[in-house]
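The values are calculated or read from the model by the stated rules, or taken from the named source; none is laboratory data. Here the structure is a predicted model, which means the values were calculated and not measured. Reconstructed Cβ throughout: ideal geometry from the backbone, glycine too, with neighbour counts over all protein chains shown. Remember, those area values only see protein heavy atoms, side chains included, never the ligands or the DNA or RNA. Shrake-Rupley method; radii C 1.70, N 1.55, O 1.52, S 1.80 Å.
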Amino acid sequence: MRFIVFLAGSGLVLSAFYLVVSVYSRSVRREKLEKTWDATNLGGDPTAREAYIAENMTRYERSFRKKLILLVYIIPAVTVAVIYFVTN
């Protein structure tokens, strides 16, 4: 029973951590795109800027880098499973 409570609590903590890392990664990517646009298009059209950022953020959402954040779940789960297996 204690193990199940431990797993449930760990899942909640990992979910919160995943959310924080995901939001942070997305904001860093958006900021990078904004800086790139500002450096290449001085005084450009604001609607074109938003379209550029939106298009590249869509690409980011489908990227491998975004999927790597799922390691937040996988690495601790594998670690706990290995420790559990080795100790038993």
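Observations on the structure shown:
- Cross-chain or 6+ apart pairs with Cβ under 8 Å, the range 53-79 first and open to solvent by less than 30 Å² (accessible area, probe 1.4 Å), then part of a loop (DSSP other than H, G, I, E, B) and at pLDDT 90 or above: none
- Some residue of the range 20-28 being among the basic types (Lys, Arg) and surrounded by 12 or more Cβ atoms within 10 Å (Cβ to Cβ): yes
- Flag if Tyr24 is in a helix (DSSP H, G or I) and in contact with a Leu (Cβ under 6 Å, 6 or more places away or on another chain): no
- Here the range 37-88 is the region considered, the condition is being outside any helix (DSSP H, G or I) and small (Gly, Ala, Ser), and the residue that is modelled with the highest pLDDT is Ser63.
- Flag for Ala16 being over 26 Å from Tyr84 (Cβ atoms) and either over 11 Å from the mean Cα position of the chain (by Cα) or not in a helix (DSSP H, G or I) (or both): no
- Residue in the range 11-22 that is modelled with pLDDT under 90 and out of contact with any Asp or Glu (no Cβ under 8 Å at 6 or more places or on another chain) present: yes
- Close pairs from the range 1-25: first more than 21 Å from Tyr60 (Cα to Cα), partner part of a helix (DSSP H, G or I) and of a type in the set (Ser, Thr, Tyr), Cβ under 7 Å, at least 6 apart: Leu14/Tyr73
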